[in-house]
1. Once every DSSP H run of n ≥ 4 in the chain is given -39500 (n - 2.57) and the sum is divided by its residues, what mean residue ellipticity at 222 nm do you get, rounded to the nearest 500 deg cm²/dmol?
2. For Leu17 and Asp79, FRET efficiency with R0 = 30 Å and r from the beta-carbon atoms, rounded to 0.05?
3. Is there a quick way to get the dipole size of the chain? I mean about its Cα centre, with the Cβ of Lys and Arg at +1 and of Asp and Glu at -1; what is the value in debye to the nearest 20?
4. By how many nm would the segment from Glu52 to Ala34 lengthen if fully extended, with 0.36 nm per residue of separation less the alpha-carbon distance?
5. Lys26 to Ala89: FRET efficiency via 1/(1 + (r/R0)^6), r the Cβ-Cβ distance, R0 25 Å, to the nearest 0.05?
6. For region 50-60, what does the Karplus curve 6.51 cos²θ - 1.76 cosθ + 1.60, with θ = phi - 60°, yield as ³J(HN,Hα) per residue in whole Hz, taken in order and with x for Gly and Pro?
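Readers should treat all values here as calculations from the given coordinates under stated rules, not as data from a laboratory. Quantities reported herein were computed from a predicted structural model and do not represent experimental measurements. Positions of Cβ are generated from backbone atoms using ideal geometry, with glycine treated the same way; all protein chains shown enter the neighbour counts.
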Amino acid sequence: MNKPPSLLSLLFVLVLLAVFGVVGAKFMLGRHSASTMSQLGTVWPNIETMPEGERAFLVELAHTCNVTTREPVRAEVVDCLRSVKMNAAAADRLDGLLKQAPAP
């Protein structure tokens, strides 16, 4: 007769799967973050040196419109950011940041 797996071996497999999941999630999150910053860098080459509040605002818009699914060209990134539903203050803030961006 076959003996059922021991509780210890089941626990080992469960821990191994959890570690694999955490490592995989961190890897994917890092790649997504780098891709988002790269896309925003097509409009604002100095995105890494921007004040934290402005950078966080742009990243939030980029995640909301899923900018990583767009082509990595300036017009597509700007179109994506503008497609997000936002209040007038946020739209003005985005327009101000776009005016500060270097010309293409």
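1. Values: 4 runs with 71 residues, N = 104.
It lands at -23000 deg cm²/dmol.
2. Numbers: r = 41 Å, r/R0 = 1.35.
So the FRET efficiency works out to roughly 0.15.
3. Working: 10 positive and 9 negative charges, 79 e Å.
Roughly 380 debye, rounded to the nearest 20.
4. Working: separation 18, 0.36 × 18 = 6.48 nm, distance 1.62 nm.
That works out to 4.9 nm of additional length.
5. Details: r = 35 Å, r/R0 = 1.38.
Working from the Cβ atoms, E equals 0.15.
6. 3J(HN,Hα) across region 50-60, in whole Hz: 5, x, 3, x, 5, 4, 5, 4, 5, 5, 4.
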